[in-house]
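The values are calculated or read from the model by the stated rules, or taken from the named source; none is laboratory data. Bear in mind the structure is a predicted one, so any value in this text is a computation, not a measurement. Cβ sites come from the backbone with ideal geometry, for glycine too, and all protein chains shown count toward neighbours. Note: accessible area is taken over every heavy atom of the protein model, side chains too, but ligands, DNA and RNA are not part of it. Shrake-Rupley method; radii C 1.70, N 1.55, O 1.52, S 1.80 Å.
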Number of protein chains: 2
Amino acid sequence: MSDTVVGIAGTGRMGTAFARRLRETGTPVRVWNRSSDRTGAAVDAGAEAVALEALAEADLVLLSLTDAAAAEAVLAGMGAALAGRIVVEMSTLLPDQAEALEAQATALGAQFLHCPVGGTVAPALKGQLLGFAGGPAETLEQARPVLERLCRRVEHLGSVGAAARMKLAVNLPLALYWQTLGESLLLLRGAGIPAEQAIGLMAESSGGPAVLKNRAQVVVETLEGADQRGTFDIAGLAKDLHLALALAEREGAALPLSAAAEERYRAALEAGLGRFDGASLARRTAEG
Amino acid sequence: MSDTVVGIAGTGRMGTAFARRLRETGTPVRVWNRSSDRTGAAVDAGAEAVALEALAEADLVLLSLTDAAAAEAVLAGMGAALAGRIVVEMSTLLPDQAEALEAQATALGAQFLHCPVGGTVAPALKGQLLGFAGGPAETLEQARPVLERLCRRVEHLGSVGAAARMKLAVNLPLALYWQTLGESLLLLRGAGIPAEQAIGLMAESSGGPAVLKNRAQVVVETLEGADQRGTFDIAGLAKDLHLALALAEREGAALPLSAAAEERYRAALEAGLGRFDGASLARRTAEG
């Protein structure tokens, strides 16, 4: 599929990063966005901005939209022009939302994959995302050359619902970690241990997640008083945490730590911290 | 201090591992245990089993005991014979417990350090623990050559209370992680994703802690139905979590996730899972 033309619906932060990375690997890219003034960065990287109808003429269409309703509207907009194309929905969804989009796309004659990713803009630009793919194995094999330009690893989980669940499961510990870190740091109150030393030790311990090593500087600067813009920010973490809790509630499953964390995220959003890195939630907790 | 004689009070799992590692590095070791029949493994490794009075004649005495009360009794038992020695208390304690032991030891004329460690038997045997040291810097410099035979890194945190706090702060995320992992896995219920695949992806994601990579096999086997003996087991995790909550409560600090996790640990202990790896708590949660 080296000449595969890739269409991208949605040029938000992630859609734009997909476009830039695919252009860098020599892939022809078409982009569409509901607000057409937001395609500039993708076009600067060599993508062609097109109307929705022309996007459906791409061999493979990536959906990187706000939510399931936006994806549904875009699929409806492309309509029968999608017949014979491959649609890959990349956002974090509930399993039944992914299944409904799959039904809609296949009814239009398209092949459909759900492939939410782990990682945000920086790994996307380096082709280092983690792809959680669901849908027919043969469709995935057709899409794999394109997905592997974005991902260091593309894992087939089974159905589109299984992929949706895996993404929610992978994101949950990250959301909970920021509150956990805050509770840990609260134990250090008054001990006079510098943030850099504490974070260095927590990162090196067996309970320390990769994010603490990868983003140590952001975390330390946040704890020292300067909230930092996040790529996977508090608003995004809260949104995915909410999806996980909605799924669990529907299935009668109890997630006590997640529920307690959600209250903290709600308070952080009310305090206007939505655009900041998760470390700002830890700091808020650590301040007691 | 290459000829420093090291005394070890307490030959439980950790004390025995300290003795074996120190013997392996050529250090002369004396051991004492309240139940003298538990010194066998240390003696087999070349340590000399002695009476408490003789232990106090070592240059440096490590305390690896059940709790602060046991440490207090052992210090009292050694009494004035400790004058001029260095005492290093290695267990997880509350800050004020560490301070009380420091006062007791210095009143006997000894120098005192608190140095709880991160890591259990396997890293101890390889000299790969993480040491959280508190006490006078000059005492630490005298003890450092011995501590570095046990630890890959010995970090001076300041006072003995600061070291105690850092240890509690480092352990908290590990205790909370097992419950967090269980909540994540509960989201996968019915998706048909094999445990090995799910754990592999969680370990590779940015919220995945080091323990999930290091102990993946134990976690997968546990999730597949076979509870595994833990070195840092559910009983130990629950004990340290309880210390953290006791400290927070005393200081009026709210730790909502930790409090929710403690309920889960209590239930796991009641279900007889105390001797098993933390993964057994995750499994119990994942079963809903």
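Key figures for this structure:
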| item | result |
| --- | --- |
| Per-selection Rg to Rh, segment A:165-286 - Cα, Kirkwood hydrodynamic radius | 0.97 |
| Farthest toward positive dipole pole in chain A [+1 Lys/Arg, -1 Asp/Glu at C-beta], among A:GLY236, A:PHE18, A:ALA203 | A:ALA203 |
| Between segment A:218-257 and segment A:1-75, the Cα center-to-center distance that results, in Å | 27 Å |
| Dipole axis of chain B (+1 Lys, Arg; -1 Asp, Glu on Cβ), positive-most option in B:ASN214, B:TYR265, B:ALA41 | B:ASN214 |
| Whole-number percent relative contact order across segment B:136-244, with pairs defined as alpha carbons under 8 Å at least 6 apart | 28 percent |
| Folded to 0 to 90 degrees: helix B:195-204 orientation relative to chain B principal axis, Cα | 60 degrees |
| Equivalent ellipsoid semi-axes - Cα gyration tensor, the protein assembly as shown, angstrom | 53, 22, 20 |
| Residue pairs, from the table A:LYS239/B:LYS213; A:LYS126/A:LYS167; A:LYS167/B:LYS239, whose Cα atoms sit over 31 Å apart | A:LYS167/B:LYS239 |
| Built amide H within the under 5 Å cut-off of B:VAL154, gap 5+ | B:GLY131 |
| For segment B:6-158, accessible area per residue (1.4 Å probe, heavy atoms of protein chains only), Å² | 37 Å² |
| Net charge of neighbours whose Cβ lies under 11 Å from the Cβ of A:LEU201, counting Lys and Arg as +1 and Asp and Glu as -1 | -1 |
| Phi to ³J(HN,Hα) by Karplus 6.51 cos²θ - 1.76 cosθ + 1.60 over segment B:88-104, Hz, x for Gly, Pro | 10, 8, 9, 8, 7, 9, 6, x, 6, 5, 5, 5, 5, 5, 4, 5, 5 |
| C-alpha center-to-center spacing [segment A:127-152, segment B:133-189] in angstrom | 39 Å |
| Solvent-accessible surface (1.4 angstrom probe) belonging to B:LYS167, in square angstrom, nearest 10 | 20 Å² |
| Cα long-axis angle, helix A:256-270 against chain A (0 to 90 degrees, to the nearest 10) | 90 degrees |
| Antiparallel DSSP beta bridges within segment B:108-172, percent to nearest 5 | 35 percent |
| Size of charge dipole - the protein assembly as shown - debye, nearest 20, with Cβ of Lys, Arg +1 and Asp, Glu -1, no other charges | 580 debye |
| Antiparallel DSSP beta bridges within the protein assembly as shown, as percent of all bridges there, nearest 5 | 20 percent |
| Beta bridges per DSSP with both ends in segment A:6-158, % antiparallel, nearest 5 | 10 percent |
| GNM top mover of A:ALA175, A:ALA210, A:ALA163 - chain A, alpha-carbon springs below 10 Å | A:ALA210 |
| Within a Gaussian network of chain B (alpha carbon springs, distance under 10 Å), most fluctuating of B:LEU201, B:LEU223, B:LEU273 | B:LEU201 |
| Residue-averaged [θ]222 nm for the protein assembly as shown, counting only DSSP H segments that reach four residues, each worth -39500 (n - 2.57) | -16000 deg cm²/dmol |
